[in-house]
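Before any comments, here is the structure.
FYI, it's all coordinate maths here, none of it is from the lab. It should be emphasised that the depicted structure is a prediction, and the values quoted were computed from it without experimental measurement.
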Amino acid sequence: MFECKWTSINEYLGHTDIVDIDFPLTLFSTERSKAIQLFTQYMQESNDDLCLDDHDKVRIPDSEVRSHLTRLGIPNSSALQQL
């Protein structure tokens, strides 16, 4: 049902190894089976949440970073450290 390697969803719906699921489930119901049912329904609802995308790292030369900082009004590394 939920296939994502970056979530603890399987801890809630299957075997718990790492995550303490007790408190979060009580937010749905004090009855465990009802809580899991409500949690599952909630997780299946669509939403407009914005999530972080996985981006490749781009290496920028130091000179380019210095130029960018200067354009932002930060003249040198001392000024940056003071921020």
Any chance residue 79 is within 30 Å of residue 23 (Cα to Cα), among the aliphatic types (A, V, I, L, M) and assigned to a helix (DSSP H, G or I)
no
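Quick grid of which residues meet (1) under 31 Å from the mean Cα position of the chain (by Cα); (2) more than 30 Å from residue 25 (Cα to Cα):
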position: 46; (1), (2): yes, no
position: 54; (1), (2): yes, no
position: 60; (1), (2): yes, yes
position: 65; (1), (2): yes, yes
position: 69; (1), (2): yes, yes
position: 73; (1), (2): no, yes
position: 79; (1), (2): no, yes
position: 82; (1), (2): yes, yes
